[in-house]
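Chemist: Right, I'll just put the structure down here and ask away after.
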2 protein chains.
Amino acid sequence: MAGLSPDLQTPCLVVDEAKMTANLDRMASRIAGLGVGFRPHLKTAKSVEIARRMLPDTGGPATVSTLREAEVFAAAGVQDILYAVGITPAKLGRVQALRARGCDLAVILDSVEQAQAVVAAGAGPIPALIEIDCDGKRAGLAPDAAEIIDIGRILQEGGAELRGVMTHAGGSYDVSGHEAHAAFAERERQAVVTAADRLRAAGLPCPVVSVGSTPTALAARDLSGVTELRAGVYVFFDLVMAGIGVCAVDEIALSVATTVIGHRPDRGWTLVDAGWMALSRDRGTAGQAIDQGYGLVADATGRVIPDLIVTGANQEHGILALRPGSTATLPDLPVGTVLRILPNHACATAAQFDAYHVIPADTGAAPAIWPRFGGW
Amino acid sequence: MAGLSPDLQTPCLVVDEAKMTANLDRMASRIAGLGVGFRPHLKTAKSVEIARRMLPDTGGPATVSTLREAEVFAAAGVQDILYAVGITPAKLGRVQALRARGCDLAVILDSVEQAQAVVAAGAGPIPALIEIDCDGKRAGLAPDAAEIIDIGRILQEGGAELRGVMTHAGGSYDVSGHEAHAAFAERERQAVVTAADRLRAAGLPCPVVSVGSTPTALAARDLSGVTELRAGVYVFFDLVMAGIGVCAVDEIALSVATTVIGHRPDRGWTLVDAGWMALSRDRGTAGQAIDQGYGLVADATGRVIPDLIVTGANQEHGILALRPGSTATLPDLPVGTVLRILPNHACATAAQFDAYHVIPADTGAAPAIWPRFGGW
């Protein structure tokens, strides 16, 4: 396989380094144009090698979705981390342990109970951002909620640190096209700027005003009042992102290498050794204009095979077939043929593996393997 | 939490040892009544500790779904393993390496190409079973396919070993009730017995005649002509199995411990720290009579909270809400409350974790942690 080890054992996770680098460059030029800070989200890649390429600097800043990520990246030298899932009291010990080792780890919260727990934890002030809801999709307080001021006061008066406000427009994944994403970017901005203004009017500090998602980061026009932007899946992109117009299919840097294990000519099926254990159960394109099944199939060099998708998946079996209604002709794919499957959702598919097999951007370089971790 | 460490970090995977043992005992008494051999499938548990409890004997026999499983269990002393996913030429080296270390590892195949590859591998005969299709769901040859005899001859004449035939009624997961599962068990039996008879009539050996799935294993009435039965998910059971009448919800031995991180009273939501990264994206109950969302919620002791399900999941956020139409009243679930979520599909949910937190059957025993592995 082009750029990959010839004794590759499938299924395995493949990164096209040249495509990944182009994706990183695209985001870097967006950020430069917007004039805000950038705090990449490392939850998609969960790899120290890839984090080094994503982060503005070895020390960060970075966003994570688990304390395990915070611990691994802190050990690798990242010193400025936002843990962007609502904090619980039982996790504060690990937060304090990381802070004691010199990592400036901040937490997020959206309730008085959590603020009281952060204050009660003592042992040095823990910085916290208040989570603001901008689209009704998940957690966070409405920008005009009275609790925002209550929480700010509890943190500041209790000896913790009110570091600011943050939001994430998960709803931007559900709409298609640049205009729609730009509108969500403006909803993110308005939500946090409104909350920040209210905190400051109440005499409270709000140094950080944080927004972001890959679709809104790539579409935002004006981030006045925002101090930093977060995004993660742009490092690889995926079929869900392609389906809402955020990237082209050809820009997807992640795939699962798989091998043909059989055929069912009576049904038009080609069977491969990547089932849902390798691809994940994510069916994120099911509700989009083009349903890609469990993934879109490319040849070993990464060239998409027209209309060939993963129509079914068992634990270790994938069923490839032409899309319903397709008139394409399948190439010959004998047992042993290596293929690559582009994922619906990079975060979910990558999580099924413990390493990336890297196709080097430098065609003269040897294939590399970058470890990946999971867990909490 | 009852039987679990008080400093548990969530989300984590929990096994109720008493329930697991009852599930193992139930299958053991079934097998004894049927008078066939038993070859447990280890792909659900992927744990040496649990394999020891599932296997008839330290040495096996066992079924696996990946060569990684074969390697790990062989290293733990299992010497009789069936790798039950169609073999590819590039994997034969690892098969031979395990066989050279004394593990009697057999492969499966359903094409002349694969049989030729097994023969060409040389370096000692590799035993192979021919995969038979009994329900049109996946791989395998029809019981009357001419290729069955061709493959048998290629293996035997080429110096490999035709060990027998096998089938799996994945379709049994799609039907509900004992009668329907018994009918699938009979389809499994007829398919392999027909194929075995044809091989023997052609002068070929067929010592092993292997069938199985959890629903058919628990419903089969007569396995005449069958030599062994395979099943895996019965060790834990799950909501999909409960939904088709194979077990009661109260018999499910696996759950994901999670902590409440927030609330959205305006929407009736409780947010927890188990999203799809912990629960998996499996929505196997979506097509059943009772859609359990991403899982059914129990309290920390494992008692189901009526009508509370995971209605939505982001990467690290679960959204709990009452089922549509429910008139149940929610208990108070403040931030920090530990809950346990019963999974749709045990294989998929367990795969998201690297360890089992065990609630010991002996209430006086200390909580245990059993490692779990993944990969290929």
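The values are calculated or read from the model by the stated rules, or taken from the named source; none is laboratory data. Please read all numbers here as calculations on a predicted model, not as lab measurements. Note that each Cβ is placed from the backbone with ideal geometry, even for glycine, and that neighbours are counted across all protein chains shown. Accessible surface areas use protein heavy atoms only, side chains included; no ligands, DNA or RNA. Shrake-Rupley method; radii C 1.70, N 1.55, O 1.52, S 1.80 Å.
Chemist: Please report, for residue A:224, the nm distances (one decimal) from its label point, 7 Å out from Cα along the beta-carbon direction, to the equivalent points in the remaining copies, shortest first.
Modeler: Result for residue A:224, in nm, nearest copy first: 8.6.
Chemist: Starting from the Kirkwood Rh over alpha-carbon pairs, what translational D in µm² s⁻¹ does the range A:99-226 have by Stokes-Einstein at 37 °C and 0.692 mPa s?
Modeler: Result for D is 220 µm²/s.
Chemist: Please report, in whole Å, how far the alpha carbons of the range B:214-286 spread along each principal axis, starting with the longest.
Modeler: Per principal axis, max minus min of the Cα coordinates gives 60, 20, 19 Å.
Chemist: By its C-alpha gyration tensor, with a ≥ b ≥ c as the square roots of the eigenvalues, how is the range A:239-376 shaped: rounded for a/c under 1.5, else prolate for a/b larger than b/c, else oblate?
Modeler: The shape class here is rounded.
Chemist: For label points placed 7 Å from Cα toward Cβ, what is the shortest-first list of nm distances from residue A:6 to its copies?
Modeler: Result for residue A:6, in nm, nearest copy first: 6.1.
Chemist: Only Cα pairs within less than 10 Å get springs; with that Gaussian network setup on chain B, which residue of B:129, B:342, B:98 has the largest fluctuation?
Modeler: B:98
Chemist: Same structure, new question: Testing the spin-label approximation: label points 7 Å from Cα along Cα→Cβ at residue A:22 and residue B:366. State their distance in nm.
Modeler: Here the modelled spin labels are 5.6 nm apart.
Chemist: When the scattering of chain B is computed by the Debye formula from its Cα atoms alone, each counted once and equally, what is log10 I(q)/I(0) at q = 0.08, 0.11, 0.13 Å⁻¹?
Modeler: -0.44, -0.78, -1.02
Chemist: Using only the alpha carbon atoms of the range A:180-254, find the Kirkwood hydrodynamic radius as the inverse mean reciprocal pair distance, in angstroms to one decimal.
Modeler: Computed over the range A:180-254, the radius equals 13.4 Å.
Chemist: Also: Suppose we look only past 24 Å in the calculated P(r) of the range A:38-178. What percent of the Cα-Cα pairs does that tail hold?
Modeler: 33 percent
Chemist: A further question follows. I'd like the projected area of the range B:106-171, averaged over all directions, using the convex hull of its alpha carbons. Report it in nm² with one decimal.
Modeler: Mean projected area of the Cα convex hull: 4.0 nm².
Chemist: Kindly provide log₁₀ I(q)/I(0) values, in the same order as q = 0.06, 0.07 Å⁻¹, from the Debye equation applied to equal alpha-carbon scatterers of the protein assembly as shown.
Modeler: With one equal scatterer per Cα and no solvent, log10 I(q)/I(0) is -0.37, -0.50.
Chemist: For the range B:277-343, compute the orientation-averaged projected area of the C-alpha convex hull (one quarter of its surface), in nm².
Modeler: Averaging across all directions leaves 4.7 nm² for the Cα convex hull.
Chemist: If DNA, RNA and ligands are ignored and the probe is 1.4 Å, what is the ranking of A:21, A:214 by accessible area, most exposed first?
Modeler: The most accessible residue leads, giving A:21, A:214.
Chemist: Now, a different point. Under Stokes-Einstein, with the Kirkwood radius over Cα pairs standing in for Rh, what whole-number D in µm²/s applies to the range A:1-81 at 4 °C and 1.567 mPa s?
Modeler: 92 µm²/s
Chemist: With chain A treated as a Gaussian network of Cα nodes joined by springs under 10 Å, which of A:327, A:258, A:88 yields the largest mean-square fluctuation?
Modeler: A:327
Chemist: Further question: Under a GNM of chain A (C-alpha, springs under 10 Å), which listed residue has the highest mean-square fluctuation: A:160, A:257, A:350?
Modeler: Greatest mean-square fluctuation among the candidates belongs to A:160.
Chemist: For chain B, list the DSSP H helices whose alpha carbon atoms reach 20 Å or more along the long axis and whose average Kyte-Doolittle value is -0.5 or above?
Modeler: The answer, listed by residue number, is B:17-34.
Chemist: Mind checking which chain A residue has its Cβ closest to the axis relating A to B, and how many whole Å off it is?
Modeler: A:281, 2
Chemist: Just checking the output field for B:271-283: average partner chain Cβ neighbours within 10 Å of each residue's Cβ?
Modeler: What the average comes to for B:271-283 is 5.
Chemist: Starting from a label point 7 Å past Cα on the Cβ side, list the distances from residue A:330 to the same position in the other copies, nm, shortest first.
Modeler: 4.7
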